[in-house]
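One structure is given below, encoded as structure tokens.
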Amino acid sequence: MRIVDLSHELSNKTFLVLDQLDFHSSNAENRLLVTHIEAPSYLIPDGKALNHFEPASFVRDAVLLDLTHMKPKQLIEDEDLEAAEEDAGLALREGEIVIIQTGWDRNVESDDYWSSHPAISENGAEYLEFKRVIGVGVDAPNLDFSGNRVLPVHSILMRSGIFVIENLCNLSEIDQPRFRLIALPPRTKASVSTVRAVGVLESPD
């Protein structure tokens, strides 16, 4: 068994107040490079907060979809997700977590990281909703395009009770298309929280 840390390191000077976090700010002064999770109540009235999920919801089989060929600011469409599934030789299963690998964490030291990342399209989000996944993660700061405060992709996923994990990293170290993901947030009534995400990989025989 191998463990891969998929979380950015927090500074010892970082002080976080959960109900004041805004990870989609267009203001450079408010940006936080924090691996975090967002529950449906982040956008959906009466949606589930993090404490409404059983701990097992955050310890799941995950599927890694390789979208590293996507260009800056390019939309990831439903056919791109289907093609990535085919390339991986598998299909998403109900209740799994899908991890979108864009390779964008390589730009973490650049302003482009926050403004030019690929994003999921609305029909891409509807495809994942149709697949009935429980969570969607990405190695970029936002599933939606930066600066889009409406967050349509988030809204589509969250209306179906799907949580979102953003600012993952080190996905290039995941060498298995399906693996075990542990992404446990604190036990909190908040809609958004930091999370320590790790991938658990089977050792080769």
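Name the single residue, out of those in the stretch 185-205 being within 14 Å of the chain's Cα centre (by Cα) and modelled with pLDDT under 95, that is surrounded by the fewest Cβ atoms within 10 Å (Cβ to Cβ). The residue in question is R196. Test I156 against the criterion of being touching a helix residue (DSSP H, G or I) at 6+ places or on another chain (Cβ under 8 Å) and over 16 Å from H24 (Cβ atoms), and give yes or no. No, not satisfied. Close contacts from the stretch 80-105, counting a first residue that is farther than 12 Å from Y127 by Cβ and a second that is assigned to a strand (DSSP E or B) and among the aromatic types (F, W, Y), with Cβ to Cβ under 9 Å and a gap of 6+ residues or different chains, come to I97/F163; I99/F179. Of the numbered criteria (1) crowded, with 18+ Cβ neighbours inside 10 Å; (2) outside any loop (DSSP other than H, G, I, E, B); (3) more than 12 Å from the chain's Cα centre (by Cα); (4) modelled with pLDDT of 95 or more, the one L181 fails is (3).
Inspect the stretch 135-144 for any residue being in contact (Cβ under 8 Å) with a residue 12 or more places away in the chain, assigned to a helix (DSSP H, G or I) and not aliphatic (A, V, I, L, M) and give the result as yes or no. No, because not a single residue in the stretch 135-144 is in contact (Cβ under 8 Å) with a residue 12 or more places away in the chain, assigned to a helix (DSSP H, G or I) and not aliphatic (A, V, I, L, M).
Quick one: which strands (runs of 3 or more DSSP E) sit completely within the stretch 35-107 and have at least 1 residues that are of a type outside the set (S, T, N, Q) and in contact with a Phe, Trp or Tyr (Cβ under 7 Å, 6 or more places away or on another chain)?
Qualifying strands (runs of 3 or more DSSP E): 36-38, 59-66.
Taken together, N142, N148 contain a single residue that is over 23 Å from V59 (Cα atoms) and either touching a strand residue (DSSP E or B) at 6+ places or on another chain (Cβ under 9 Å) or among the hydroxyl-bearing types (S, T, Y) (or both), which is N148. From R106, R60, which residue is within 21 Å of D175 (Cβ to Cβ), surrounded by 14 or more Cβ atoms within 10 Å (Cβ to Cβ) and basic (K, R)? One residue alone meets the criteria, R60. Within the option set I165, I156, being at pLDDT 95 or above, β-branched (V, I, T) and in a helix (DSSP H, G or I) holds for one residue only, I156. Being in contact with a Leu (Cβ under 9 Å, 6 or more places away or on another chain), on the phi < 0 side of the Ramachandran plot and of a type in the set (G, A, S) is a description that does not apply to A56.
The values are calculated or read from the model by the stated rules, or taken from the named source; none is laboratory data. Keep in mind it's a predicted model, so treat the numbers as computed, not measured. Cβ sites come from the backbone with ideal geometry, for glycine too, and all protein chains shown count toward neighbours.
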